[in-house]
1. Per residue, how much accessible area does the stretch 206-290 have with a 1.4 Å probe, in Å²?
2. Looking only at Cα atoms, what is the convex hull volume of the stretch 170-241 per residue, in Å³?
3. Taking 0.36 nm per intervening residue step and subtracting the Cα-Cα distance, what contour gain separates SER89 from SER76 on full extension?
4. Compute the projected area of the convex hull of the Cα atoms of the stretch 232-337, averaged over all viewing directions, and report it in nm² to one decimal place.
5. Given the -39500 (n - 2.57) contribution per DSSP H run of 4+ residues, what per-residue ellipticity at 222 nm results for the chain, rounded to the nearest 500 deg cm²/dmol?
6. Got a number for carbon plus sulfur as a percent of the chain's accessible area, 1.4 Å probe?
7. In Å², what does the accessible area per residue of the stretch 7-79 work out to with a 1.4 Å probe?
8. From largest accessible area down, sort ASP44, ASP177; use a 1.4 Å probe on the protein chains.
Amino acid sequence: MRILHVCLAAFYIDNYSYQENLLPKYHKVNGHQVEIIASLQTFDKNGEAAYFGNESRYKNENGIWVNRINYINNWSIIKKLRIYKNYFSIIEQFKPDIIFLHGCQFSTVKPIIKYKMKNPNVKIFVDNHADFSNSATNWLSLEILHKKIWKRKAQLINQYTEKFYGVLPSRVDFLTDIYNIPKRKVELLLMGGDDELIEEVKNKTIKIYPQTSVPVDTDKFVIVTIGKIDEAKLEVLQLMEVIKSIEENIILIVYGSVSINLKERFNKNVDNFSVVYGGWLNNRDAYQAIYNSNLVIFPGRHSVYWEITAAIGKPMIVKYWKGTTHIKDKDNVFFLEDTSNKNIQKALLKVYNNQDMYIDMLKNAAEFAHHFKYSEIAKKSIKS
């Protein structure tokens, strides 16, 4: 089949492990012809939002054609509402049998509807990456942007859509509660990790953790935390403070870009002894760092690295968010209900000092990893 992925509701970043990267890759691996329509939004080398200057068409790292399309103009409100130039000709030229929308939070949906009406047998699927942890966090966003503008777009595409997917349980609820999508049309579609890349890092021997001087064969218990560090993830700073305050054979390696507003406080917590900063990693190095660690901690908001870590088969300590328990099976994950310094320290030392508990976490994490294989997720994603 010919599958068109539409990535216009947010950024699209080459060479990463977001849903927008891995579903197209594994649709192709599973034998389908695949193409992508994407916005100009991407990340720069520090992991910050950036934009391509012009429209373009190129093959990505997986040999898939990517069509970057422009907004109708460069006004910030136009980018916020994601109003694009007409891209119907791109759809018509590719002639997809399936159109997969990565999010419905963009304004220019009429080219998709037009193609569906001309080709009634085409199937449309939509996933959703919005919930109350990353969206609708103030009155304007909730009442105007989501309950009016994006709800209208969701309802507009709903009548032509086979199925809506929430990529977290909380994002399933967001579709039904905020956009009023019928429950019978909504399912959970797990995110995961790149199967091929996981096998690659498992079979690769490295001497030091990426972008650090920490040896992989250190006798210290190595904890990794990874992801963008901003005002929504202040708990990472608390984790750094905790590690510096305890006298244990533990080292924390922090990876990710750091918000300008937090850099001074962040840098004070990096001592290059118990807390090491490794900067922003490329995709391969991120997988390698997670794989070689003893434990991965995410004390702040949900990140795609939660599912990547689950796919790699590593035990985790994560902050509890309603609708994110899909990553837990038995004892592979320890949830933080309270993210005070005292409670982070208590949870960390409980895992570190209880050898039997840690061994159980390792075993259960390894056994649960197959649920996050993208080759299988890709198959499920296009079933009516």
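1. Values: 3710 Å² over 85 residues.
Result: 44 Å² per residue.
2. On the way: hull volume 12.1 nm³, N = 72.
Cα-based convex hull of the stretch 170-241, divided per residue, equals 167 Å³.
3. Numbers: separation 13, 0.36 × 13 = 4.68 nm, distance 2.57 nm.
Here the answer is 2.1 nm.
4. Details: hull surface 28.2 nm².
Result: 7.1 nm².
5. Values: 14 runs with 129 residues, N = 384.
Result for the chain, helices only: -9500 deg cm²/dmol.
6. Details: 8320 of 17000 Å².
Its accessible area is 49 percent carbon and sulfur atoms.
7. Values: 3190 Å² over 73 residues.
Result: 44 Å² of accessible area for each residue.
8. On the way: ASP44 60, ASP177 105 Å².
Ranked list, largest accessible area first: ASP177, ASP44.
The values are calculated or read from the model by the stated rules, or taken from the named source; none is laboratory data. Everything quoted here is computed from the prediction, not taken from an experiment. As a convention, Cβ positions derive from the backbone with ideal geometry for all residues, glycine included, and neighbour counts pool all protein chains shown. Heavy atoms of the whole protein, side chains included, go into the accessibility calculation; ligands, DNA and RNA do not. Shrake-Rupley method; radii C 1.70, N 1.55, O 1.52, S 1.80 Å.
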